[in-house]
1. Residue check, C:ASN169 against (1) touching a residue at least 40 places away in the same chain (Cβ under 8 Å); (2) under 20 Å from C:ALA209 (Cα atoms), all met but one. Which one?
2. Can you list the strands (runs of 3 or more DSSP E) found entirely within chain B that contain at least 3 residues being crowded, with 17+ Cβ neighbours inside 10 Å and over 11 Å from the mean Cα position of the chain (by Cα)?
3. Out of all the residues in the range C:121-172, which are away from chain A (no Cβ under 11 Å), part of a loop (DSSP other than H, G, I, E, B) and under 23 Å from C:ASP288 (Cα atoms)?
4. Quick check on my filter: what residues within the range A:363-397 are without any contact (Cβ under 8 Å) to a residue 24 or more places away in the chain and acidic (Asp, Glu)?
5. So, of the residues in the range A:259-278 that are in a strand (DSSP E or B) and either over 13 Å from A:GLY296 (Cα atoms) or more than 10 Å from chain C (Cβ to nearest Cβ) (or both), which turns out to be nearest to the chain's Cα centre (by Cα)?
6. Among the residues of the range A:352-386, write down those that are crowded, with 21+ Cβ neighbours inside 10 Å, within 25 Å of A:VAL317 (Cβ to Cβ) and basic (Lys, Arg).
7. Here are some conditions: (1) of a type in the set (S, T, N, Q); (2) in contact with an Asp or Glu (Cβ under 8 Å, 6 or more places away or on another chain); (3) closer than 24 Å to C:LEU197 by Cα; (4) more than 14 Å from every other protein chain (Cβ to nearest Cβ). C:THR72 meets all but one. Which one does it not meet?
8. So which of C:VAL238, C:VAL293 ends up being away from every other protein chain (no Cβ under 13 Å), closer than 14 Å to C:VAL156 by Cα and part of a strand (DSSP E or B)?
Amino acid sequence: MRFYEFEAKQLLEKHGIPLVQSELVKTADEAKTAASKIGGPVILKAQVIAPGLTTASVQEVADPAGAKAAAATLLGLDDGGRKPNGILVEARPTGEAVYSLSFTYDGTTKLPVIAAANMAGKIDDLGDTHPERIVRRHFSALYPFSDYIAKELAKSLVLGGNDLKRMTRIVSGLARLFLKYDLADLDITSMVKLGEGRFAVLDVEADLEIEARHRQRPMLDDLGFAKDDLRQVREPTKFELEGARIDAEDPRGIISPIAEFDGNIGLVIGAGGGSLTLTDAVRKHGGRPANYAAIGGNPSVDKARRLTKLVLSKPGVDKIAVMSNVVSNTRADLVARGVIKGITELGFEPKDKILIFRVPGAWEADAAKILQKYGVEYCDRTVSISEAARRAVEKVS
Amino acid sequence: MAMFIRVDVDKSVIEKTPGLADKLVEVCPVNIFKVGSKPSSVEIVEDNVDECTLCDLCMQASPKGVRVVKLYE
Amino acid sequence: MAVIVHEDFQFIVQGITGREALNFTRECLEYGSKIIGGVTPGKGGREVYGVPVYDTVREITDTQRVDGTVITVPLAFAPDAAYEAIDAGIKEIIIITEGIPRKDASAVVEYAALHGARVIGPNCLGIIVPDVCRFGSLGGPAVDCRKAFKPGVVGVMSRSGGMTTEICNALTLSGLGVSTAISIGGDPVIGSTYADLIPLFEADKDTKAVVVYSEPGGTAEAELARWTQEHKSRLPIVAFVAGRFMDEMPGMSFGHAGTVVNKKVDSPADKMRRMREAGISVAEEIGDIPNLVRERIGN
């Protein structure tokens, strides 16, 4: 879950991390006032979530008048269906040197890791362009963070004297904050050294571990996160909200994630890796999925029924493909019951609406009998996922 | 109305066996049975019948009193 | 031979009285696995399909050899259950529980490493060596499980539990069969990655090739590619990368928790390139896997 930069900076400030002078504004006039207060050239950063806005969301301006004009443009940005959540107006000091710091988890060692470089940028990108300028230190999520780790990192950035001591404090502070708030990623993409022992953080990106959002509720409340705000890259559509509601109202099994696309093949497909594979397979054979709706964890008949109705009611969808990998705990017969019930309730014949039913595995014999009764062909495990997708696409066109 | 499953209950068997009504309510993982208005009786919750997982626990509790029928066979 | 488990492998189930655990405990017993106890706090003294239930792990390890444990307790208790198993001396730990924050997963894996224990998962289904031992919830009811997993020559590692069964089913149908299949888990931090486990397949004389199922997100594929290049492996590897459509949808999460394209290394395109460069065959379609394996092992 992505934080707006102003939120990330609030967390940093609370933990004594030195920040560049900065003000959050909501209007172009406020931007002008903030810019004159700060003085000199400033940078304006629209507060957005959607990826791909990195360049568009930032403007550097020379004076308050420029700030006002730039703010007006930035406030009109489309952030995946949302308006920007204000603008950060910030000083842009050029110091003696600039650094970047990145905190994340390393899947190879399974440990949290700090990476640092003596240049600005995202460590991931720097890793491609300037691998020799990156230094790394792993630390532990099991034991408390020890300052010496930060000191060693500062040393390998060739810092000494007060610079080394101050950098040690900053890195330690960030590492503790990273662990305390269950961050998945924390990137200080630019931190400037203003003078001996004086640093200021300019740019921050931070992501919360989505699975920790419940236990981090106090911090999120402090920042003013709404309870259901998951910071998706775009605003959820009506279809997606309805799908989420169906999922939330019945704890038996899951139909998450659910996403709306602009194609014409309705998909009711198995969860996890199966749904990824099936969506790829449909596209590979030239099909255009109308949605993504992964069902798993042994959903109830009712959940499958409601999902079927939702997908079939989507404008432009005439037929659905019901497909899954070979299931272990999800039951093929219960899925079959739900799908047929949903179609029947809409007043259609199952055989007219099901492009293909390929859910082999647990309770497949019963599933086959149910489908047979309603005149729908049951594909067993000898029909591969690729073949099932091919047949579905062929039938729809 | 259930489309796939029918649960037949022999009321006289349930009434004659003390505690059986409660047992049926307890064993069903999808709440197909609820305690009836008369003592020692159960009612079928029609909305839940199609959720039947065919676990057979109700039939094990009362082999004579309950029969679960697959309507698709 | 087999990877991790063996014919006499005895394990326990932590959280044995839960809905899903009941299911797979029965399935494992039907499959022939040796489950010698279960743990659910407050339910000690009961029995589940003939398996005694205890309040603590140590009650079992004090009197019997316990080779492994399957942890399927609710989210909030999962790390504690893992620490309990590690401190009781259990060396093979499968964590099925889904949704454990990566900080907790990282801490558990570090603690396990310090005590010489191995963690598979979290968010995985476990291990099967067909007709030898099923350790976890892969494959569903024993009758369906036997249809999908027949003994053979291909080792399988998969970030998706469901796709483990799907791929093994295809390998079984093709006549190649499966030596050992491991569902390694779909989370961003897991105890054992492809690169951690491939040496075990390398040492397993039944395994003639390895199939890897992967998804967007994380560095595991890059790590496997590096391992293969550095270790002149005897094993041909065939990989499949799902979720290619996600390359067009940065920042959106599908499938598992670890499945998101934020960084370049997360993207299916990048993963496929790295693996191909390392000599790994990357299947274009899931259905191509068995034929690619045949080509690579000359069969």
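1. Of the numbered conditions (1) touching a residue at least 40 places away in the same chain (Cβ under 8 Å); (2) under 20 Å from C:ALA209 (Cα atoms), the odd one out for C:ASN169 is (1).
2. Once the strands (runs of 3 or more DSSP E) in chain B are filtered for at least 3 residues that are crowded, with 17+ Cβ neighbours inside 10 Å and over 11 Å from the mean Cα position of the chain (by Cα), nothing remains.
3. Those that are away from chain A (no Cβ under 11 Å), part of a loop (DSSP other than H, G, I, E, B) and under 23 Å from C:ASP288 (Cα atoms): C:PRO130, C:LYS150.
4. A:GLU377, A:ASP380, A:GLU387, listed by residue number.
5. A:ALA259
6. A:LYS353, A:ARG358
7. (4)
8. The match here is C:VAL238.
Here, each number is a calculation from the coordinates, and none is a lab measurement. As the structure is a prediction and not an experimental result, all values here were calculated from the model. Backbone-built Cβ (ideal geometry, glycine too); neighbour counts: all protein chains shown.
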